[in-house]
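Bear in mind these aren't lab numbers, they're just calculated from the coordinates by the rules spelled out. As the structure is a prediction and not an experimental result, all values here were calculated from the model. No Cβ is skipped: glycine too gets one built from the backbone with ideal geometry, and neighbour counts run over all protein chains shown.
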Amino acid sequence: LINSSPLVLFARRECIDSKKLQTKLEAAKLDFRLVNLDKIKLGNIMQRRLCDLTGQWTVPNLFVKSQCIGGLQMSTEALKFGKVTEIL
């Protein structure tokens, strides 16, 4: 899934930070793939695998061109300072 789109957001539907980051990406008019881990049968296993890859257990977790940007705070800064568009 990380490689399925240039911009992939791993989230959970009831997570406030996930909703905030989704809103920021939409406001920036960026096309992204939203993966709600709580809607996927193996979502908990996928979240553990993401933690193995990134060291980050929590969501949201944003990937740009397969590179982990991080959670809400780091992703917001990356959007604000143009890092996301630079990587794209």
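Some values worked out for this structure:
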read-out	value
Spin-label pair K29/M46, simplified geometry with 7 Å Cα→Cβ offset, distance in nm	2.9
Helical contribution to [θ] at 222 nm, DSSP H n ≥ 4, -39,500 (n - 2.57), averaged over the chain, rounded to 500	-12500 deg cm²/dmol
Cα-based reach from K24 at 19 Å (exclusive), listing aspartates and glutamates while leaving out same-chain residues under 8 positions away	E14, E77, E86
Proximal aspartates and glutamates relative to K80, as straight alpha-carbon distance under 18 Å, when same-chain residues fewer than 8 apart are discounted	D17, E26, D31
Rounded to 10°, Cα long-axis angle of helix 43-54 versus longest principal axis of the chain	50
Rounded to 5, percent antiparallel among DSSP beta bridges of the chain	65
Average Cα contact separation per residue, the chain, under 8 Å, 6 or more apart, as relative contact order %	34
